[in-house]
1. Can you bin segment 16-101 into rounded, prolate or oblate? Criterion: square roots of the alpha carbon gyration tensor eigenvalues sorted a ≥ b ≥ c, rounded for a/c under 1.5, prolate for a/b above b/c, oblate for the rest.
2. Mind jotting down the three principal axis lengths of segment 1-52 based on Cα atoms? Whole angstrom, largest first.
3. Can you work out ³J(HN,Hα) from phi for every residue in segment 75-91, in order, using Karplus 6.51 cos²θ - 1.76 cosθ + 1.60 and θ = phi - 60°, giving whole Hz and x for Gly and Pro?
4. Convert 20 °C to kelvin, take the viscosity as 1.002 mPa s, use the Kirkwood radius over C-alpha pairs of segment 58-135 as Rh, and evaluate the Stokes-Einstein diffusion coefficient in µm²/s, rounded to a whole number.
5. Quick one: putting +1 on the C-beta of Lys and Arg, -1 on the C-beta of Asp and Glu, what dipole do you get for segment 100-203 around its Cα centre, in Debye to the nearest 20?
6. Which value, in Å³ per residue, describes the convex hull spanned by the Cα atoms of the chain?
7. Could you state, as a whole-number percent, how many of the C-alpha pairs of segment 34-84 are farther apart than 15 Å?
8. By the gyration tensor of its Cα atoms, with a ≥ b ≥ c the square roots of the eigenvalues, what is the shape of segment 111-231: rounded for a/c under 1.5, prolate for a/b over b/c, or oblate?
Amino acid sequence: MTQPVLKLSGVTFRWPGRAGFALSVPDFSVAAGESVLLLGDSGAGKSTLLSLICGTLLPESGTILVNGTDITGLSGAGRDRFRAEQIGVIFQQFNLLPFGSVVDNILLPLRFAPQRRGRVADARADAAAICTALGLPGDVFTAKAHTLSVGQQQRVAVARALIGQPPLIVADEPTSALDANSQAAFLDLLFQQKAAQNTALLMVSHDPRLGDRFDRVVGITDIARITRAAA
């Protein structure tokens, strides 16, 4: 049986302070090439869970295996390097370098991930090919990110996550600001490229209408127990 790309076991985390809350995940996994939509309302703990998966937060207990490595045993710098190598992240606000070119933004993860860079023979050519597949015109390849439309910036963010074929893509509400037609077009492109690279996808959203596009839909309360501190 193929091991999952992502597996959380016995994970607990607690934000300090009166306004904090605690999260526990007994068991959750994502298989290689699988697409999973994680649903939950604002403030339900989705972003905390993503931060744990990406290693920007450490759990109090439990294991978080990404592509077979328990990231809870790595140092802070080690988790940063591992995330760059193994996880492509699509942020809700895209987080592009505004005065960097499209190609600079796409290739940025490879600067910190030599193994990921080694998966492509020619990084610039691969970036150009992903841009073409995502419907970005060739004349934007050297354009500054801040000159692009929102839709173009979104596609650059997807290309940046996909470059170097990381085994796991994590997407934090990337369609929240889009209308229905734009959402559909974006997901068409994302799933097309995900399938081409056999990448696993974990996307969080508050919109259950997206569920038909995914292999599996889970609610945050289905996999995690959330408790909030008393006021």
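1. On the way: a/c = 1.33, a/b = 1.15, b/c = 1.16.
Here segment 16-101 falls in the rounded category.
2. 44, 22, 14
3. 6, x, 5, x, 5, 4, 5, 5, 4, 4, 6, 10, 10, x, 10, 10, 7
4. Details: Rh = 14.4 Å.
The estimated diffusion coefficient comes to 149 µm²/s.
5. Working: 9 positive and 8 negative charges, 81 e Å.
That gives segment 100-203 a dipole magnitude of about 380 debye.
6. 134
7. Numbers: 631 of 1275 pairs.
So the portion of pairs separated by more than 15 Å is 49 percent.
8. Verdict is prolate for segment 111-231.
Laboratory data are not the source of any read-out in this text; all were calculated from the coordinates shown. What you see is a predicted model; the values in this text were computed from it and never measured. So basically every Cβ, Gly included, is an ideal-geometry build from the backbone, and we count neighbours across all protein chains shown.
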